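All remarks here apply to the structure that follows.
The values are calculated or read from the model by the stated rules, or taken from the named source; none is laboratory data. Just so it is clear, the structure is predicted and the values come from calculations on it, not from any experiment. Please note: Cβ atoms are built from the backbone with ideal geometry, for glycine as well, and neighbour counts cover all protein chains shown. Just so you know, the surface numbers come from the protein's heavy atoms only, side chains and all, with ligands and any DNA or RNA stripped out. Shrake-Rupley method; radii C 1.70, N 1.55, O 1.52, S 1.80 Å.
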Amino acid sequence: MNLILEWNPDPEIVRLFGSFSLRYYSLLFVGGLILGYQVVKGIYKKEGVSQEQLDKLAMYIFIATIVGARLGHCLFYEPAYYLSHPLEMLLPIQINDGQVRFTGYQGLASHGGILAVFIAIVIYCRKYKTNVFDVLDKVSIGGALAGAFIRLGNFMNSEIIGNPTGGDYGVKFLKVDAIPRHPAQLYESLAYFIIFFILLHLYKNKRSQLKYGFIFGLFFTMLFVARFTIEFFKINQVDFEEGMALNMGQLLSIPFILLGLYIMFIKSKPASDKP
């Protein structure tokens, strides 16, 4: 039975003016953040936490997500180019022979975004005297959902594609070639949806039995174990990964997995002595 999907959507929904257009990736990226925010908003509301506190936190997270993901891509994957083109690192433009062209942010790294969000939440909690692990538990649930939608955006862009399946199944990303490949973006998106539902279930049904931080540690562990595993199905993102036993995505995932396991370990005692 032939199980091949030929995939060749136009990543642009509509061109607005000049080189600026509305793209499926942008819509799914922003939509994922909004849905994640709504999930966390529901948790805050149920616990009687003010909307004002959440709005302040959301601003920290939104800025950290964009800046961290962008810097992560530039410094982890293409440092030589972007260190010599620092404006392109921070602004959604490309400068060629003195000509400036709007391109959008072409390259975002989830590791950088998650690290930046973690740092932003720590800063927020210190400023507003809030328990950092309590906030991380809540945000991790919305973060898993947002990540699932971002990977759907990658699928619409026909990027971060998988290795050839070697059989009569897979997805032909016709913007790249006509070879049936693993839809690695969909694997990752599905994994993040599953993680979201697991975390949400734990929060709703086991929150009183868990110390602050356990859900966050589980989030880190599951997310980056999934990322590490699915990387085996992806093509390398940059040339220097050729010949490496583990690619950059996997190497960057290992510290997050270890950190997640460590947090789960220290937060694994009964919740009677919270935090």
### Query
Mind checking whether some residue in region 110-118 is open to solvent by less than 20 Å² (accessible area, probe 1.4 Å), assigned to a helix (DSSP H, G or I), under 17 Å from Gln38 (Cα atoms) and in contact with a helix residue (DSSP H, G or I) (Cβ under 8 Å, 6 or more places away or on another chain)?
no
### Task
Search region 159-217 for residues being of a type in the set (Ser, Thr, Tyr), open to solvent by 70 Å² or more (accessible area, probe 1.4 Å) and closer than 30 Å to Leu5 by Cα, and hand back the single one that is nearest to the chain's Cα centre (by Cα).
Tyr187
#### Entry: helices (runs of 4 or more DSSP H) fully within region 1-84 counting 2 or more residues that are open to solvent by less than 50 Å² (accessible area, probe 1.4 Å) and touching a Leu at 6+ places or on another chain (Cβ under 9 Å)
24-46, 51-76
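Hey, can you tell me all the residues within region 147-201 that are among the aliphatic types (A, V, I, L, M), closer than 25 Å to Ile43 by Cβ and modelled with pLDDT of 95 or more? Write out each step before concluding.
Going residue by residue through region 147-201, those that are among the aliphatic types (A, V, I, L, M) are 148, 150, 152, 156, 160-161, 171, 174, 176, 178-179, 184, 186, 190-191, 194-195, 198-200.
Right, trim to closer than 25 Å to Ile43 by Cβ and you get 148, 150, 152, 190-191, 194-195, 198-200.
Residues satisfying the conditions are Ala148, Leu152, Leu190, Ala191, Ile194, Ile195, Ile198, Leu199, Leu200.
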### Message
Name the residue that is modelled with the lowest pLDDT, counting only residues in region 92-109 that are open to solvent by less than 40 Å² (accessible area, probe 1.4 Å) and of a type outside the set (Ser, Thr, Tyr).
### Response
Gly104
### Query
Within region 86-100, can one find any residue that is closer than 26 Å to Leu22 by Cβ, within 20 Å of the chain's Cα centre (by Cα) and touching a residue at least 40 places away in the same chain (Cβ under 8 Å)?
no
### Task
Would you check which residues across region 181-225 are touching an Asp or Glu at 6+ places or on another chain (Cβ under 7 Å) and aliphatic (A, V, I, L, M) and list them?
Ile215
## Note on the structure
Leu87: passes all of (1) modelled with pLDDT of 95 or more; (2) of a type outside the set (D, E, K, R); (3) part of a helix (DSSP H, G or I); (4) touching a strand residue (DSSP E or B) at 6+ places or on another chain (Cβ under 8 Å) but (1)
### Query
Pairs under 8 Å by beta carbon, first residue free of Cβ contacts under 8 Å to residues at least 60 places away in the same chain in region 240-257, partner in a loop (DSSP other than H, G, I, E, B) and open to solvent by 80 Å² or more (accessible area, probe 1.4 Å), six or more apart or different chains?
Asn247/Gln237
### Query
Residues of region 191-218 being over 21 Å from Ala146 (Cβ atoms) and aliphatic (A, V, I, L, M), which ones?
Leu210
### Task
Among the residues of region 125-142, write down those that are open to solvent by 20 Å² or more (accessible area, probe 1.4 Å) and among the polar types (S, T, N, Q).
Thr130, Asn131
### Task
Output the residue which, of all residues in region 226-264 that are at pLDDT 95 or above and of a type in the set (Val, Ile, Thr), is surrounded by the fewest Cβ atoms within 10 Å (Cβ to Cβ).
Ile254
